[in-house]
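The values are calculated or read from the model by the stated rules, or taken from the named source; none is laboratory data. Computed from a predicted structure; not experimentally measured. All Cβ positions, even for glycine, are placed from backbone atoms using ideal geometry, and neighbour counts span all protein chains on display. What goes into the accessible areas is simple: the full protein's heavy atoms, side chains included, and nothing from ligands, DNA or RNA. Shrake-Rupley method; radii C 1.70, N 1.55, O 1.52, S 1.80 Å.
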Amino acid sequence: MDILTPEQRSKTMSRIRSRNTKPELLVRRYLYEHGFRYRVNVKTLPGTPDIALRKYHTVIFINGCFWHGHSCLKGKRPKTNSEFWIQKILRNQTRDEEVRIKLRQLGWRTMVVWECQLTPKRREKTLEEIVYLLNSAFLDKYRKKTTTYQEEDDSLSIAAEDFPIYGE
């Protein structure tokens, strides 16, 4: 049984934001301080990602553990009206997976950061991993475009010789 009246519950739930949440602001501030430029809530992409980095062809979703059914303490389901919440969270998870598939088909990399990964204990490590993955994505993007030189004949001379002999 809910300890709040329907009016109190409605007021509480209406104050929950879907954009510019504290975890989002933490990630965005860190990325900006480290030289990354991004767009926020890009409506032209499937799922309206929280952060889109065009240069890295990567989108970042910052998910609340409760709303997206993460298997941590913050993702614990409520005991009241449990059937409703189970269905709601399952719909969110299904939609999240469909959006990630669509983005990958469009050539975008997807990254999900969970709210629990941004607790003070784990925050620095998580943010460093985001930067590492973005840099890896950038390198992979250009690594694919370059072709590697392969020698066909091992008997070819070396380009830089120890002592070049002139005049012969």
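Data overview
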item	result
Selection within region 94-114 - open to solvent by less than 60 Å² (accessible area, probe 1.4 Å) and in a helix (DSSP H, G or I)	Asp96, Val99, Arg100, Leu103
Subset tally (residues that are open to solvent by 50 Å² or more (accessible area, probe 1.4 Å) and part of a helix (DSSP H, G or I)) for region 115-127	4
In region 31-45, residue farthest from Asn63 (Cα to Cα) [restricted to those that are open to solvent by 30 Å² or more (accessible area, probe 1.4 Å) and part of a helix (DSSP H, G or I)]	Glu33
Flag if Thr48 is open to solvent by less than 50 Å² (accessible area, probe 1.4 Å), at pLDDT below 90 and out of contact with any strand residue (DSSP E or B) (no Cβ under 6 Å at 6 or more places or on another chain)	no
Any pair with Cβ under 6 angstrom, 6 or more apart, that starts in region 118-133 at a residue that is touching a residue at least 40 places away in the same chain (Cβ under 8 Å) and under 16 Å from Leu53 (Cα atoms) and ends at one that is open to solvent by less than 70 Å² (accessible area, probe 1.4 Å) and part of a helix (DSSP H, G or I)	Leu127/Tyr30
The one condition in (1) aliphatic (A, V, I, L, M); (2) without any contact (Cβ under 8 Å) to a residue 40 or more places away in the chain; (3) surrounded by 14 or more Cβ atoms within 10 Å (Cβ to Cβ) that Ile86 fails to fulfil	(3)
